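Accompanying notes for the structure given below.
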Amino acid sequence: MFVEVAHAGSFTAAAHLLAYTQSAVSRQIAALEGEVGSKLFDRQARGVRPTEAGRRFLVHAEALLDRIDVALRELIDLRELNIGRLRVGAFATADASLIPDSVAAFRRAHPEISVSLHEAFIAELLELLTNGQIDLAVIRVSADAPEPDGVELRKLAEEDMFVAVPNKHRCANNKRVRLSDLADEEWIAGSARADETLLAPYLRADFNPRIGFVAKDWIAKQGFVAAGVGITLLPSLAAAAIRPDVTLVALDPQGIPPRQICTATVRGVTPTAATNAFIEVLRSFPFPPQSRTHST
C-alpha cells in the first residue's frame, strides 16, 4: 500500500488501484508511520509527496516486494517442476532396470530437475531417508513385516522370485520349480551363510542349500550360473538384465512368504512435487519387468 501511494501520489488514486476506500488507505499509512517512527508522506492540497524518510523507505519497500515476487515465482516453479532436485535411494536389484528406466522417463518429462541416486542396503536406505539425506527410497519388505517407524510405505508390486539356471539345466524347461527339488544343487549366493542371503526366508527342513561360491554382484552370479558351476535366486526386478546363456524359472510361491516392492517416504513430511511425480512414474512401470524366461 505504501508503494502504491508513493507511485500514485495520492491516497485516493492508490485506493482506487487497490480496491480500498480512501480512508482505509489513509489509516494504514498512518499506522505504518507510527510503526517506523517517521513521517513518510507530506500531505498536500493536491495529493501526497514522500518525505526524505519516505524516499529512502521506498527503495527498501520496492526491493522487498521484488524479493517476494521472486519467492512466489520460485514456489510456482517448484510446484510445476521447472526447478528442484530429486534424491532417490534404492537397493541393488532395483537398479537393474526399474530405477534406470524410471529416471530416464522422469528426466524426459522434467528435464530441469536434478536427479541423484544412492544405492544401499535396506537398513541404510531407511536411515538416509529419516535423516533427510534422500527424498524417497525404493525398498523391499516382507508383506507381513511391520511398517518401519516414522516411514510411510506405498506398495508398488509383489516381487516374484526366479531361479537362474544354465540353459541346459534339467529344470530349464519347467514352468515352475520348488526349492525342495533343488536341495541338492550347488548355489551361488552373496554370503557363505544362507541366512544372510536371498535364500534366508526359504530355509526349512527340506531345503538347506549348499553354497558353493560367494558372489555379491549380479553379473558375477550370472557368470557362475552360465558356466554351469551352480544356480542362484534372482528377484524379478533384475530379470530384465539376464544374460542370454541363463534361463529363469519361476519359483513356486506355495509356502513362500510374499515380498513387496514399496516406495518409502518420511511420515509427516510433505513430499516435494518432484518426489510425488517420480512415485507416479514408478507406479506406471509394469511388474515384473520384461524378461527372458523358459517360455520366451
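Key figures
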read-out	value
Scope region 117-148; condition farther than 20 Å from F285 by Cβ and either among the hydroxyl-bearing types (S, T, Y) or in contact with a Ser or Thr (Cβ under 8 Å, 6 or more places away or on another chain) (or both); matching residues	L129, T130, S142
So L237, is it buried (at least 18 other Cβ atoms within 10 Å of the Cβ) and in a helix (DSSP H, G or I)	yes
Close pairs from region 55-84: first among the polar types (S, T, N, Q), partner assigned to a loop (DSSP other than H, G, I, E, B), Cβ under 8 Å, at least 6 apart	N82/E112
Subset of region 188-212 (residues that are under 16 Å from P166 (Cα atoms) and either at pLDDT below 85 or buried (at least 16 other Cβ atoms within 10 Å of the Cβ) (or both))	I188, A189
Residues located in region 179-193, provided they are among the charged types (D, E, K, R) and part of a loop (DSSP other than H, G, I, E, B)	D184, E185, R193
Test result for R55, at pLDDT 95 or above, farther than 30 Å from E4 by Cα, assigned to a helix (DSSP H, G or I) and not aromatic (F, W, Y)	no
Single condition E185 does not satisfy, out of (1) acidic (D, E); (2) closer than 24 Å to L98 by Cα; (3) crowded, with 18+ Cβ neighbours inside 10 Å; (4) at pLDDT 90 or above	(2)
Evaluation of V48 against (1) of a type in the set (V, I, T); (2) in contact (Cβ under 8 Å) with a residue 24 or more places away in the chain; (3) more than 30 Å from A105 (Cα to Cα); (4) not in a strand (DSSP E or B) (one fails), failing number	(4)
A200 being without any contact (Cβ under 8 Å) to a residue 60 or more places away in the chain, more than 26 Å from A157 (Cβ to Cβ) and not assigned by TED's automatic domain parsing to the domain that holds T93	no
Filter pass, V229 being out of contact with any Phe, Trp or Tyr (no Cβ under 7 Å at 6 or more places or on another chain) and modelled with pLDDT of 85 or more	no
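For (1) part of a loop (DSSP other than H, G, I, E, B); (2) touching a residue at least 12 places away in the same chain (Cβ under 8 Å); (3) crowded, with 20+ Cβ neighbours inside 10 Å, each residue gets a yes or a no:
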site	(1), (2), (3)
T247	no, yes, yes
Q260	no, yes, no
G268	yes, yes, no
N276	no, no, no
V281	no, yes, no
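The values are calculated or read from the model by the stated rules, or taken from the named source; none is laboratory data. Since this is a predicted model, take the numbers as computed values, not measurements. Every residue, glycine as well, gets a Cβ built from its backbone with ideal geometry; the counts of neighbours run over all protein chains shown.
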